[in-house]
Amino acid sequence: MALMRKSNTLCSRVLKVLQPSSSVMSPCGAGAAQALSGEQQTCGWAPARKLHSFKRPNLHAIRNQLARFEGGSVELEMNNDNGIAILTLNNPRRMNSMTGKMMVDMADKVSELEEWHEGKALIMRGVDGNLCTGGDLTFVRKALHYGEEMAAYQHDTLTRLLNLPLISVALVQGHTLGGGAELSTACDFRVMSSSAKIGFVQIKMGLSTAWGAATRLTRLLGRRKAIDLLCSAKILLPDAALREGLVDYVLPKICDDELAETTNWLLRNLCAYDTNITRVVKSLVVSAELSMDHYQALDAERKLFGQTWGGPVQRKMLDANVKHK
Ligand SMILES: CCCC(=O)SCCNC(=O)CCNC(=O)[C@H](O)C(C)(C)COP(=O)(O)OP(=O)(O)OC[C@H]1O[C@@H](n2cnc3c(N)ncnc32)[C@H](O)[C@@H]1OP(=O)(O)O
């Protein structure tokens, strides 16, 4: 129990030090808007170094505006028994595309997950066989003046989601397009249904990435593959997505319950061990990725290791004389 409390505190301390909530993103939204306004839209992007000189977005004010664009919901179930939470996008008539209200819902659910200390993992999915087809075009049409603010809000939510001390998996089903493909990159892993399609089609819609996928995809796959996927707008079937390294596991063709199969995959492969140590390890990986300073990351790693070494779980395993066959 004492270890549990300590490791939870340490997890959040590491994340707070390295990634204070709601202020992690570089405040680049305004830069993007300036860079794309007027004449510049036709002649190119502002120099990258300029993107750091803009004011932080007021997330509270943006939230109030987004909440006015109604439709759909995002729901959360947290299962303390197996330590797995399910985050569900629910706008089936529009293939779970996201309205402003759903963005606010998702931010609230991520805040709840930040306070959930019993959890090991999270599955993000959509109802009725599609993950998400991006922005709800009804919302998009009404919010054309509000892109930069919406992006700032989503960047905050999805960065917080990616950095939760939970192993996260996106269940890529049906159509996972545009912003939907972006959402999937805010999870640590992607499990894909054998009948699903995934594509970053934003460029075909006259847009660059809205919800942070250029940054995340470059980290995930490297520069060459990120440019390829984002600039070609190609829609990948499971085999190609697996080959590219975009997805981690393709579900069997015959599968009665894809959510249950994804849960089993998680439990078998990534959640087989102690909850707190799993959370600590995830937090360490986040801190290593976020940290600009190699020594700071090692410092965090050493401190957290000190909490597991000689702790009750390690002692139990030593007593059990475990063999790793
Ligand atoms: C803000 C982030 C930037 C972005 O996300 S940009 C990308 C935005 N997404 C899109 O452009 C997707 C547009 N939709 C499509 O391409 C097709 O609907 C899609 C997904 C290939 C499915 O095609 P089909 O299987 O033929 O089905 P369908 O077209 O009849 O769609 C069924 C109903 O769902 C609706 N739907 C699908 N995606 C939507 C969206 N993003 N926003 C609003 N409505 C959407 C579609 O309009 C249709 O509704 P209805 O039956 O016409 O009332």
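Is it true that some residue in segment 103-114 is near the ligand (Cβ under 8 Å from one of its atoms) and either part of a helix (DSSP H, G or I) or in contact with a Ser or Thr (Cβ under 6 Å, 6 or more places away or on another chain) (or both)? Checked segment 103-114: no residue is near the ligand (Cβ under 8 Å from one of its atoms) and either part of a helix (DSSP H, G or I) or in contact with a Ser or Thr (Cβ under 6 Å, 6 or more places away or on another chain) (or both). In this structure, does VAL140 turn out to be under 20 Å from PHE69 (Cα atoms) and touching a residue at least 40 places away in the same chain (Cβ under 8 Å)? Judged against the criteria, VAL140 is not a match.
The residues of segment 194-214 that are under 17 Å from TYR249 (Cβ atoms) and surrounded by fewer than 24 Cβ atoms within 10 Å (Cβ to Cβ), listed by number, are SER194, SER195, LYS197. Screening the candidates LEU177, LEU171, LEU236 for the property of being more than 11 Å from the ligand (Cβ to nearest atom), modelled with pLDDT of 95 or more, assigned by the TED database to the domain that holds ILE84 and surrounded by 24 or more Cβ atoms within 10 Å (Cβ to Cβ) yields one hit, LEU171. A residue that is under 30 Å from GLU149 (Cβ atoms) and free of Cβ contacts under 8 Å to residues at least 12 places away in the same chain occurs nowhere in segment 244-259. Taken together, the criteria exclude ASP136 from residues that are surrounded by fewer than 22 Cβ atoms within 10 Å (Cβ to Cβ), closer than 26 Å to VAL247 by Cα and within 12 Å of the ligand (Cβ to nearest atom). So GLY100 passes all but one of these: (1) within 23 Å of ALA61 (Cα to Cα); (2) away from the ligand (no atom under 16 Å from the Cβ). Which condition number does it fail? Condition not satisfied by GLY100: (2).
SER73 - would you say it is on the phi < 0 side of the Ramachandran plot, of a type in the set (Gly, Ala, Ser) and within 12 Å of the ligand (Cβ to nearest atom)? No: the conditions fail for SER73. Put simply, of ALA213, ALA186 the only residue that is within 11 Å of the ligand (Cβ to nearest atom) and within 20 Å of GLY245 (Cβ to Cβ) is ALA213. For ARG223, the test of being more than 15 Å from the ligand (Cβ to nearest atom) and charged (D, E, K, R) is passed. Determine whether segment 139-147 contains at least one residue that is modelled with pLDDT under 95, assigned to a helix (DSSP H, G or I), of a type in the set (Val, Ile, Thr) and within 9 Å of the ligand (Cβ to nearest atom). The answer is yes, given that some residue of segment 139-147 is modelled with pLDDT under 95, assigned to a helix (DSSP H, G or I), of a type in the set (Val, Ile, Thr) and within 9 Å of the ligand (Cβ to nearest atom). Taken over segment 153-168, the criterion of being within 13 Å of the ligand (Cβ to nearest atom) and surrounded by fewer than 22 Cβ atoms within 10 Å (Cβ to Cβ) is satisfied by no residue. No other residue among ARG68, ARG93 is away from the ligand (no atom under 16 Å from the Cβ) and either in the same structural domain as SER193 (by the TED database) or assigned to a strand (DSSP E or B) (or both) apart from ARG68.
Quick one: which of ALA85, ALA121, ALA61 is surrounded by fewer than 16 Cβ atoms within 10 Å (Cβ to Cβ), of a type in the set (Gly, Ala, Ser) and more than 10 Å from the ligand (Cβ to nearest atom)? Being surrounded by fewer than 16 Cβ atoms within 10 Å (Cβ to Cβ), of a type in the set (Gly, Ala, Ser) and more than 10 Å from the ligand (Cβ to nearest atom) holds for just one of ALA85, ALA121, ALA61, which is ALA61.
The values are calculated or read from the model by the stated rules, or taken from the named source; none is laboratory data. All values reported here derive from a predicted model rather than from experimental measurement. No Cβ is skipped: glycine too gets one built from the backbone with ideal geometry, and neighbour counts run over all protein chains shown.
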